[in-house]
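Everything below concerns the one structure shown next.
Please treat every number below as a calculation from the coordinates, not as lab data. All values reported here derive from a predicted model rather than from experimental measurement. Positions of Cβ are generated from backbone atoms using ideal geometry, with glycine treated the same way; all protein chains shown enter the neighbour counts.
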Amino acid sequence: MGDVLACLRGWHPALALAELQALLPEAVTTTTGVDRWWRLEGEEASQRFEVLEMSSGVQCFLTDGVVASTDGLLQADWLEHMKAYLLAHPVSGSVAVRAWKQGGKIPSWSLSSLAGQLGGLLNDMGLSIDLDVPDHVLALIGDGPSASLACGWMEGDGQAAFSSGQRRAAERPFFKPVSLDPRLARLAVNLASGPKNRGPVVDPMTGTGGFLIEASLSGRACMGLDIHSEMVHGATMNLAWAHDDDVPSHCSVKRGDATRLGDILPEAWIGKVAGFVLDPPYGRNSHGSMEAEQLLEAAMKSAHSVACTDAGFVLILPMHPMTPHPMASLPLDSDISLLNGNWSELLATVERCGWKPLSVHAERVHRSLSRLILHAKYAPQD
Ligand SMILES: C[S@@+](CC[C@H](N)C(=O)[O-])C[C@H]1O[C@@H](n2cnc3c(N)ncnc32)[C@H](O)[C@@H]1O
C-alpha cells in the first residue's frame, strides 16, 4: 500500500517499461505479474506529471491501484475490496468511472457492469458524478491476456492513445520511407535521454528529423545532423511544421558529419549531451558516407567523446523477424539476426566505443522486417 500503479500502453509493454525506468531513474518498479502494470515507488508526483507529459508508453498512474486476478474471484468480493479502497482513499469534488479493456475481453466479466456498480458505490458515498469534466477519475482496466483487473484513482489520460495522429510521418512536408513512427521516436528519445533536466539530445543522422520532432515537442534541447543538405533542409521543414511554422530556439538541424560531433556541437554541449538517438543508414534509400560498420563505430565513438557521464544511447537497426515475435526484452546473448552485420560483433563494437549495452528489444515492422532497439549507457574508458 502507499505506492502507485504504472499502467503501460499495449503496443510494446517491455519497451514502455524501459522508457518509464529511464524517465524515473531513482524509482523502484516491481512486477504485479501483469506485463502492463507495475508498482512504482520512490518518485515524486511532479516527476509522474512529467512522465505523463512526455512519455510514449505510459498510459496512466493509479494511486495505490488495486490489481486482482479474476481467476476464482467473485464479483461481490471484488466490489467489497473496492469499497474498502474508496473508503481508504477519500476524494472531494466530482467523480467519474472510466473503464477500458486491453488485449481482449475477460470471459464472464463485464467491465461496463462493474463500472456501473463502482459508480453506485461512489454515489452512495455522497460524491457527485460528472461524466464530462470530473475532478477525479476512477479507472477500471481489464487486461484480457492475464484475465486481471486494475482499479484506482487515475493520474493522466488513461486509454487515450499517444497523441501523434496529426504528425504521422507520412503527413509531414518532407517524407521518406526511412521516417520513423512518432511513437517509437518519442520512446527512443526518452529511453536514451532520461529525465528532461539531464541535458540535451543529439540525433547524429537525423534524416527527416523524426527524433528531433519528438524531442523538441517534449521541450528537450536537441540538435540533429545530417551529411546531406537535402535532409537538413527537409528535417528543418518538418520541425517548423511540427511547431506551427516556427522552429523553436531549443532545437536545430545542421549539416555535419556524425563522426565529428565535437567539431559541430555548441561548445557548451561538449561533455554534456545526455542522450543520443541513432538510426543509421541502411538499404538502398539511405546511403551513408562510408561502410555501414565503420560509420557506426566512428559515430558511436564520436558520441562518447561529447557525452555526459550518465548519458544514454539508443541505436535502431533493421533485423530479421524472430518467431514467435518477442514482446519481452531480449537477453543480450539472444540469437539475433541483423539485416546487415553480425549481432555479437555489433555488441563488441558498442562496448569498444565506450557504451555498455543495457537492453535490447525487437519491434515488428511487417512480416519480413523487425527493428532492433538497443539501449546502452555511457561507460568510462581507460
Ligand atoms: C536511416 S536515415 C535516418 C532516418 C531518420 N531516423 C528519420 O526518421 O527520418 C539515416 C540518415 O543518415 C544520414 N547520414 C549518413 N551518413 C552520415 C554521416 N556521416 N553523418 C551524418 N549523417 C549521415 C543519411 O543522409 C540519412 O539521412
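Can you give me the Cα centroid spacing of the stretch 102-120 and the stretch 135-203 in angstrom?
25 Å
222 nm [θ] for the chain, helices only, -39500 (n - 2.57) per DSSP H run of 4+, per residue, to 500?
-9000 deg cm²/dmol
If the viscosity is 1.567 mPa s and the temperature 4 °C, what Stokes-Einstein diffusion coefficient in µm²/s follows for the stretch 166-378 when Rh is the Kirkwood radius over Cα pairs?
Once the numbers are plugged in, D ends up at 76 µm²/s.
Of Phe162, Gly262, Ser229, whose Cα points farthest to the positive end of the dipole of the chain (charges on the beta-carbon: +1 Lys, Arg; -1 Asp, Glu; origin at the Cα centre)?
Ser229
With axes computed from alpha carbons, what is the tilt in degrees of helix 13-23 against the longest principal axis of the chain, rounded to the nearest 10 within 0 to 90?
Value to nearest ten degrees: 80.
May I ask which of Lys101/Lys196; Lys254/Lys356; Lys272/Lys301; Lys301/Lys377; Lys176/Lys272; Lys176/Lys196 have a Cα-Cα span longer than 23 Å here?
Too far apart for the 23 Å limit: Lys101/Lys196; Lys254/Lys356; Lys176/Lys272; Lys176/Lys196.
Relative contact order (percent) for the chain, with alpha-carbon contacts under 8 angstrom and 6 or more residues of separation?
13 percent.
Would you mind pulling out the separation of the Cα centroids of the stretch 318-382 and the stretch 29-61, in Å?
A separation of 25 Å, based on Cα centres.
Please work out how much length the chain gains when fully extended from Asp135 to Thr29, using 0.36 nm per residue of separation minus the C-alpha to C-alpha distance, in nm with one decimal.
Computed gain between Asp135 and Thr29 is 35.4 nm.
Taking only Cα atoms of the chain, what ratio of Rg to Rh do you get with Rh as the Kirkwood inverse-distance radius?
Taking Rh as the inverse mean 1/r over Cα pairs, Rg/Rh reads 1.01.
Under 10 Å, Cα contacts only: if you run a Gaussian network model on the chain, which one of Leu278, Leu23, Leu346 comes out with the highest mean-square fluctuation?
Checking each option, the largest mean-square fluctuation is seen for Leu346.
Among DSSP beta bridges lying fully in the chain, give the percent that are antiparallel, nearest 5.
65 percent
At 0.36 nm per residue, and after removing the present C-alpha to C-alpha distance, how many nm does the segment from Ser69 to Asp382 gain when stretched out fully?
Full-extension gain reported as 107.6 nm.
Looking at the stretch 100-160, what % of its DSSP beta bridges pair antiparallel, to the nearest 5?
If we restrict to bridges inside the stretch 100-160, about 65 percent are antiparallel.
Could you please report the charge total around Val51, scoring K, R as +1 and D, E as -1 over all other residues with beta-carbon less than 13 angstrom from its beta-carbon?
Surrounding charge for Val51 is -4.
Give me the one-decimal nm value for the distance between modelled label points at His325 and Glu44, 7 Å along each residue's Cα-to-Cβ direction.
4.0 nm
Mind giving me the FRET efficiency for His89 and Asn197? R0 is 22 Å, r the Cβ-Cβ distance, nearest 0.05 is fine.
0.10
Of all the stretches in the chain, which is the longest one without any exposed loop site, taking GluC sites (Glu not before Pro) in a DSSP loop (any state but H, G, I, E, B) with at most 16 other Cβ atoms within 10 Å?
Counting at most 16 other Cβ atoms within 10 Å as exposed, the longest clean stretch of the chain is 45-290.
Placing unit charges on C-beta atoms (Lys and Arg positive, Asp and Glu negative, everything else neutral), compute the dipole magnitude of the chain about its Cα centre in debye, rounded to 20.
740 debye
Please build a GNM for the chain, connecting alpha carbons under 10 Å apart, and tell me which residue among Gln294, Gln21, Gln59 fluctuates the most.
Maximum fluctuation in the GNM of the chain, among the listed residues, is at Gln294.
Treating the angle as unsigned and between 0 and 90°, give the value, to the nearest 10°, between the Cα long axis of helix 229-242 and the longest Cα principal axis of the chain.
20 degrees
Helix 75-88 against the longest principal axis of the chain: what's the angle in degrees, Cα atoms only, rounded to the nearest 10?
80 degrees
Report, in debye and to the nearest 20, how large the dipole of the stretch 215-304 comes out about its Cα centre when Lys and Arg carry +1 and Asp and Glu carry -1 on their Cβ.
Using only the charged Cβ atoms, the result is roughly 180 debye.
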